[in-house]
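Asker: Quick one: this structure, given as structure tokens, is what I'll be asking you about.
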Amino acid sequence: MRAFVAVTEAGGFTRAARRLNLTQSAVSHQIRRLEEQVGRPLMSRTTRQLRLTEDGQDLLHHARQILAGHDALALRFRQSSVSGIVRFGAPETFMGERLPTLLCQFARAFPAVRLDVHVSCYLDLATMVAAGELDLAVALSIAGGEGGIRLRRTQFAWVAADTFALPRGASLPLAFHPPHCINRQVGVAALESAPIPWHIAFTSPSEQGLRAAVRSGLATAILMREDLEPGMRVIDGEYGLPALPDADFMLIWSNGGKSQAAHAFGQMLIAMEGSPSSVAGAPMEAEIDAASER
């Protein structure tokens, strides 16, 4: 199943083999064995592309759940001599309810490691990592940037309350984080090229503060699409608003964040996020080492 997930996410046998540190023929053999055990074809292969069959799509969903449960169980009962302190930074919007689960699982798997978690704005975290104040952190950057391991891609969106309506000719009210937040920097950069009047009506360092301003109809804001709540709607393209770029959640490392404890925490974070890097074991560790070197 691990080979099956790797081939699916890598989009081919050659790239999956590199991730799994196996030969292409070994990966192909494992997929054939899996199809024999299931009794149905799982992939449709041509010279140009690879597609999952309907049974393959169904199996992929279950395979990811099984592998995640297996890895979590292995970590839960594995004896570890790893100790030390892991200084980790995360933005308020990252992982939501999954972050407490991650912290709990790591504490159980590595009881001798002390976690020091810092929640702040994206650019604050990048600055703290660069200064060596954090071992690793999740940062948000414009899609396609370098310097870390991409956990997942997301989208900026202009957001307003369902009932929001801007009077003709009025200045567009905006709710922003303080100036050092990437959401604000992206928004201001986009608005500078747009011929529409706008003003900052609400400033808050808290994501909940921005959402409250949006829900009340006081202002519009830039949020991640997945962070929309009931009573909110995307207003991209309305009122002359310019397009916004995609963004990547990146796992970044300090030059000193190479301890066994930090390395283990980074692996668990990547696995929980479901990043393709997490499927490969040893190749994933190589990516972590390369990112920490950068």
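Asker: Considering only residues that are in a helix (DSSP H, G or I) and open to solvent by less than 80 Å² (accessible area, probe 1.4 Å), which ones fall in segment 77-99?
Answerer: Going through segment 77-99, the residues in a helix (DSSP H, G or I) turn out to be 77, 98-99.
LEU99 - this is the single residue of segment 77-99 that is in a helix (DSSP H, G or I) and open to solvent by less than 80 Å² (accessible area, probe 1.4 Å).
Asker: So, one more: Going through ALA68, ALA107, ALA72 one at a time, which residue ends up being modelled with pLDDT under 90, in a helix (DSSP H, G or I), open to solvent by less than 90 Å² (accessible area, probe 1.4 Å) and in contact with a strand residue (DSSP E or B) (Cβ under 9 Å, 6 or more places away or on another chain)? Before you say what the answer is, go through the steps one by one.
Answerer: Numbers: ALA68 fails: in contact with a strand residue (DSSP E or B) (Cβ under 9 Å, 6 or more places away or on another chain); ALA72 fails: in contact with a strand residue (DSSP E or B) (Cβ under 9 Å, 6 or more places away or on another chain).
ALA107 is the lone residue from the list that is modelled with pLDDT under 90, in a helix (DSSP H, G or I), open to solvent by less than 90 Å² (accessible area, probe 1.4 Å) and in contact with a strand residue (DSSP E or B) (Cβ under 9 Å, 6 or more places away or on another chain).
Asker: Could you say whether any residue in segment 165-172 is over 23 Å from the mean Cα position of the chain (by Cα) and either in contact (Cβ under 8 Å) with a residue 40 or more places away in the chain or surrounded by 14 or more Cβ atoms within 10 Å (Cβ to Cβ) (or both)?
Answerer: yes
Asker: Within segment 188-203, is there a residue that is closer than 19 Å to ALA90 by Cα and surrounded by 15 or more Cβ atoms within 10 Å (Cβ to Cβ)?
Answerer: no
Asker: Yes or no: segment 56-65 includes at least one residue that is open to solvent by less than 30 Å² (accessible area, probe 1.4 Å) and more than 23 Å from the chain's Cα centre (by Cα). Break it down into steps so the answer makes sense when it comes.
Answerer: Step one: list which residues in segment 56-65 are open to solvent by less than 30 Å² (accessible area, probe 1.4 Å), which gives 56, 60, 63.
Keeping just the survivors that are more than 23 Å from the chain's Cα centre (by Cα) gives 56.
Yes - at least one qualifying residue is present in segment 56-65.
Asker: Condition first: under 16 Å from TYR239 (Cβ atoms) and under 21 Å from the mean Cα position of the chain (by Cα). Now tell me which residues in segment 173-220 satisfy that.
Answerer: GLY187
Asker: Just to be sure I understand, how many residues within segment 3-34 are over 14 Å from LEU52 (Cβ atoms) and in contact (Cβ under 8 Å) with a residue 40 or more places away in the chain?
Answerer: Going through segment 3-34 one residue at a time, the tally reaches 4.
Asker: Related question: Do you know which residues across segment 26-55 are in a strand (DSSP E or B) and surrounded by 13 or more Cβ atoms within 10 Å (Cβ to Cβ)?
Answerer: Step one: filter segment 26-55 for residues in a strand (DSSP E or B), giving 43-45, 50-52.
MET43, ARG45, LEU50, LEU52, listed by residue number.
Asker: Name every residue in segment 146-164 that is open to solvent by 40 Å² or more (accessible area, probe 1.4 Å) and under 26 Å from the mean Cα position of the chain (by Cα), in order of residue number.
Answerer: Within segment 146-164, GLU146, ARG150, ARG152, ARG153, GLN155 qualify.
Asker: A further question on this structure: Would you call ALA262 in contact (Cβ under 8 Å) with a residue 60 or more places away in the chain, under 30 Å from ILE85 (Cβ atoms), part of a helix (DSSP H, G or I) and open to solvent by less than 40 Å² (accessible area, probe 1.4 Å)?
Answerer: yes
Asker: Within 19 Å of the chain's Cα centre (by Cα) and closer than 26 Å to ASN183 by Cβ - does that describe any residue in segment 67-83?
Answerer: no
Asker: Okay, next question. Considering segment 141-181 alone, what residues qualify as being closer than 17 Å to ILE222 by Cα and in contact with a Phe, Trp or Tyr (Cβ under 7 Å, 6 or more places away or on another chain)?
Answerer: Listed by number, the residues that qualify are THR154, LEU166, SER171, LEU172, LEU174, ALA175, CYS181.
The values are calculated or read from the model by the stated rules, or taken from the named source; none is laboratory data. Owing to the predicted nature of the structure, the values given are computational and were not obtained by experimental measurement. Note that we place each Cβ from the backbone using ideal geometry, even for glycine, and neighbour counts take in every protein chain shown. To get the accessible areas, we keep the full protein, side chains included, count just its heavy atoms, and leave off ligands, DNA and RNA. Shrake-Rupley method; radii C 1.70, N 1.55, O 1.52, S 1.80 Å.
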